[in-house]
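Written below as structure tokens is the structure these notes are about.
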Amino acid sequence: MFKKVLIANRGEIALRIVRACKELGVETVTVHSTADANSLHVRFADHSLCIGPPAATESYLNVPSMMSAIEVSGADAVHPGYGFLAENAEFADVCQRVGVKFIGPNGDQIRKMGDKATAKATVKAAGIPLVPGSDGILATAEEAADVAERIGYPVLLKATAGGGGKGMRIAKDAGELASAFQLAQAEAKACFSNGDLYMEKLILKPRHIEVQVMGDEHGNVVHLGERECSLQRRHQKVLEEAPSPLVDEGMRKALGDAAVAAAKAINYSSAGTVEFLADVDRNFYFIEMNTRIQVEHPITEMVTGVDLVKTMIQSAAGQPLTFGQEDIQMRGHAIECRINAEDPVTFAPAPGRITGYHEPGGYGVRVDSWVHDRARVLPFYDSLLAKLIAWGEDRDEAIARMRWALDEYVVEGIRTTVPFHQKVLRDEVFLSGDLDTGFIDRMLG
Ligand code: MV4
């Protein structure tokens, strides 16, 4: 096992990783910007180093500052969490070069999945179902028109460097294709300095279902079931649940086999997530793979009993998985509500000082948060305050627990998404489990 892990992140995930390290008997070093000096990820770690001014580009995203902190700390491993440097292949490469273990995939694996057209080509060879579309990058708008004729309209143009919805354009018919191509290409160039596009047939009313995988450095890969992540607004997840109300045992096995095959196609040896879209006929298609621990990992922990963060550290230390696929049993149902410092109507970020705080507890309730009484929500970083997680023997019990937990959640001084979640948890369509990615927009009218 490692002696000292540096945690290259902030907020609730930094705290989550500190806790896992403490359980493993590993010394912890956190890093912080000047604005985060008084935060809990600093206070609860063994050591902490200031790495720069508040702006993330000058602190948590600054590779030279991070490398200096790693060297000064004497850490033998670094956990990137999610966001920031978690999927920065060059950072993973530099860590490897200086002999510090990056707790996650290597640079080549990050690159293979980071480029979405390459990712699709990689998993296609492993026989995983893909949305009908182009074979890789489209060289010209004319080639795009040819592919669209072959697969049929409507089609979706996607940026190969994208993910998260940027650089995506729909063309409903041939008349819309040329301008959709120009617009998607320009947006992709502006956002990612890479204008390369690929095409897929547009899936109507898709559900976003993702599968958690865990690998080790001995060739073992296991899946830990799926998460239903269809409730999103502007490509930001709002509420997630495990298992998906859509998925039965047969579909779970098919999704899990596909996810494991995708991970094995790149010799994956860490925690990862394989994303699928499911259509109204319950067909599913690979869309991308995230080579990191994700925000919503706790709901999988609650239904499988596997500590994903601890396991990912053990894997990185070269230890084999202590469980096989046959040992993974899903029990009950878990829901996560993302509690953000946002206006509950406009969803605009609402930073400020918290003047009063009480978080719920009790049977079946878990709160992963960095917030405390008088904490300051800063404008420099994302608006996630807490992940409120409720577990129950079935979906109805998880929903009932989530409702009282939301009622007991008190955050004073700033606006939060608590009232919005209270509305979702009483919505007839949500209660029926018939979710798709358009649900939130329809609910907001
Ligand atoms: C799609 C799609 C429909 N058809 N692909 C959006 C972000 C990116 N990760 C994938 N996305 C989509 N890809 C095809 N072929 C619809 C979406 C999509 C979506 C996906 C998951 C969750 C929410 C979404 C909201 C709008 C569009």
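The values are calculated or read from the model by the stated rules, or taken from the named source; none is laboratory data. All values derive from a computational prediction rather than experimental measurement. Neighbour counts run over all protein chains shown; Cβ positions are idealised from the backbone, glycine included. Please note that ligands, DNA and RNA were not included when accessible areas were found on the heavy atoms of the full protein model with its side chains. Shrake-Rupley method; radii C 1.70, N 1.55, O 1.52, S 1.80 Å.
General remarks:
- Beta bridges from DSSP with both residues in the range 4-103: antiparallel share about 0 percent, rounded to the nearest 5.
- Dipole of the chain, positive end: most advanced residue of Ala186, Val411, Val306 [Cβ charges, Cα centre]: Val411
- Ordering of 380-389, 274-283 by burial proxy (mean other Cβ atoms within 10 Å per residue, highest first): 380-389, 274-283
- Spatially, the range 383-400 and the range 189-210 are offset by 30 Å when compared through their Cα centroids.
- For Leu385, distant residues with modelled amide H under 5 Å away: Ile339, Asn340, Ala341
- Charge dipole (the chain, unit charges on Cβ, about Cα centre) - positive-most of Met168, Ala258, Val345: Val345
- Backbone geometry of the range 124-131 corresponds, through the Karplus equation with coefficients 6.51, -1.76 and 1.60 at θ = phi - 60°, to 3J(HN,Hα) couplings of 4, 4, 8, x, 8, x, 10, 4 Hz, x marking Gly and Pro.
- If only the Cβ of Lys and Arg carry +1 and only the Cβ of Asp and Glu carry -1, the dipole of the chain around its Cα centre is close to 720 debye.
- Over the chain, relative contact order from alpha-carbon pairs under 8 Å, at least 6 apart, %: 14 percent
- Cβ crowding within 10 Å averaged over residues, with 210-217, 58-65 ranked highest first: 210-217, 58-65
- Dipole of the chain [Lys/Arg +1, Asp/Glu -1 at C-beta], most positive-end residue of Ser270, Trp391, Gly361: Gly361
- Net length gained if the chain between Leu204 and Ala125 were fully extended (0.36 nm per residue, minus Cα distance): 25.8 nm
- Surface exposure of the range 132-201, expressed per residue as accessible area with a 1.4 Å probe, stands at 47 Å².
- Each distinct pair of alpha carbons in the range 49-177 adds a 1/r term; the inverse of their mean, the Kirkwood radius, is 17.4 Å.
- About its Cα centre, the dipole of the range 4-103 is roughly 240 debye, where the only charges are +1 on Lys and Arg Cβ and -1 on Asp and Glu Cβ.
- Whole-Hz couplings from phi, Karplus 6.51/-1.76/1.60, listed for the range 283-299; x for Gly and Pro: 6, 10, 9, 4, 10, 7, 10, 9, 9, 7, 6, 9, 3, 8, 4, x, 5
- Inter-label distance, Glu149 to His372: 6.6 nm, where each label sits 7 Å from its Cα along the C-beta direction.
- Sparse-neighbourhood loop sites, trypsin sites (Lys or Arg not before Pro) in the range 196-254 - DSSP loop, at most 16 other Cβ within 10 angstrom: Arg234
- For the range 207-444, a simple Cβ point-charge model (Lys and Arg +1, Asp and Glu -1, everything else neutral) yields a dipole of about 700 debye relative to the Cα centre.
- Calculated accessible area for the range 207-444 comes out at 38 Å² per residue, all protein chains present (probe 1.4 Å; ligands, DNA, RNA ignored).
- Surface exposure of the range 1-120, expressed per residue as accessible area with a 1.4 Å probe, stands at 39 Å².
- Two-site FRET efficiency, Asp46 against Ser179, from Cβ-Cβ distance with R₀ of 60 Å, rounded to 0.05: 0.60
- Accessible surface of the chain, 1.4 Å probe, proportion on carbon and sulfur as whole %: 50 percent
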